[in-house]
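Okay, structure first, notes after.
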Amino acid sequence: MKATGVTRKIDELGRIVIPKEIRRNLSIRDGENLEIFIDNEAICLKKHYQMHNFTDIGNKLCHILDSLIEANILITDRETIISANEKCLPLIGKEINEKIINLIDERESFFDQVSSSLTFDDVTLTGYFYMAPIISSMDSLGMVIINTPKPADYKLIVKLLARILAEKVDIC
């Protein structure tokens with residue numbers, strides 16, 4: 001944990017104010033949900049990402065695309081793979097790697113020009129990767145990844161999937 005040097009009093013209703021600078025650095029906006037964790041004697045607040053609630057729609061989208069394109073399809077939140085098509089079901093729950101986390105944080109799409117590989121825990125996928133971040137209400141929540149053994153043009157499909165998931169998150 002990183003010390004901030006900031007102290008705050010708890011008011012009579014049990015509330016504290018999170019300083020504006022900390023909220024800005026963590027992109028926490030008014031009205032957003034925070035998860036509360038207890039770690040020994042520490043209270044930890046973590047920004048709540050709604051992607052955890054959308055594995056069903058992710059699974060349905062992956063299933064639909066599975067019958068239309070010859071590719072591996074993965075949907076992640078900011079930490080793990082939360083949905084996948086039939087061929088990649090064993091990857092659900094695997095941690096995403098630093099490259100994908102950086103793309104999510106930078107809100108960048110990625111399209112392979114040459115064959116490469118990505119490792120998720122102990123599983124490595126090789127081929128061409130098409131990735132688009134899921135951005136909802138200015139938050140980058142996860143990534144849609146399409147992986148193919150041969151070059152193909154899935155840029156539009158991966159962006160469309162990311163947009164559909166972002167719109168679904170915005171609606172709820």
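The values are calculated or read from the model by the stated rules, or taken from the named source; none is laboratory data. The shown structure was predicted, so the numbers you read here are calculated from the model rather than taken from an experiment. Here the Cβ is made from the backbone with ideal geometry for all residues, glycine too, and neighbour counts use every protein chain on show.
If I filter the stretch 136-172 down to residues being among the small types (Gly, Ala, Ser) and in contact with a strand residue (DSSP E or B) (Cβ under 8 Å, 6 or more places away or on another chain), which single residue comes out as surrounded by the most Cβ atoms within 10 Å (Cβ to Cβ)?
Within the stretch 136-172, the match that is surrounded by the most Cβ atoms within 10 Å (Cβ to Cβ) is 142.
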| query | Within the stretch 8-20, is even one residue over 19 Å from the mean Cα position of the chain (by Cα), farther than 21 Å from residue 167 by Cβ, surrounded by 12 or more Cβ atoms within 10 Å (Cβ to Cβ) and among the basic types (Lys, Arg)? | reply | no
| remark: Across (1) surrounded by 10 or more Cβ atoms within 10 Å (Cβ to Cβ); (2) out of contact with any helix residue (DSSP H, G or I) (no Cβ under 9 Å at 6 or more places or on another chain); (3) in a loop (DSSP other than H, G, I, E, B), residue 31 clears everything bar (1)
| Quick one: in the stretch 126-135, which of the residues that are out of contact with any helix residue (DSSP H, G or I) (no Cβ under 7 Å at 6 or more places or on another chain) and buried (at least 19 other Cβ atoms within 10 Å of the Cβ) is nearest to residue 75 (Cα to Cα)? | 129
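Only one of 92, 96, 171 is closer than 30 Å to residue 31 by Cα and at pLDDT 90 or above. Can you tell me which?
When all the criteria are applied, what remains is 96.
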| request: Pairs only if they're at least six apart or on different chains, beta carbon under 6 angstrom, first in the stretch 73-90 and farther than 9 Å from residue 59 by Cβ, second of a type in the set (D, E, K, R) and part of a strand (DSSP E or B); list them, first residue then second. | output: 80/95
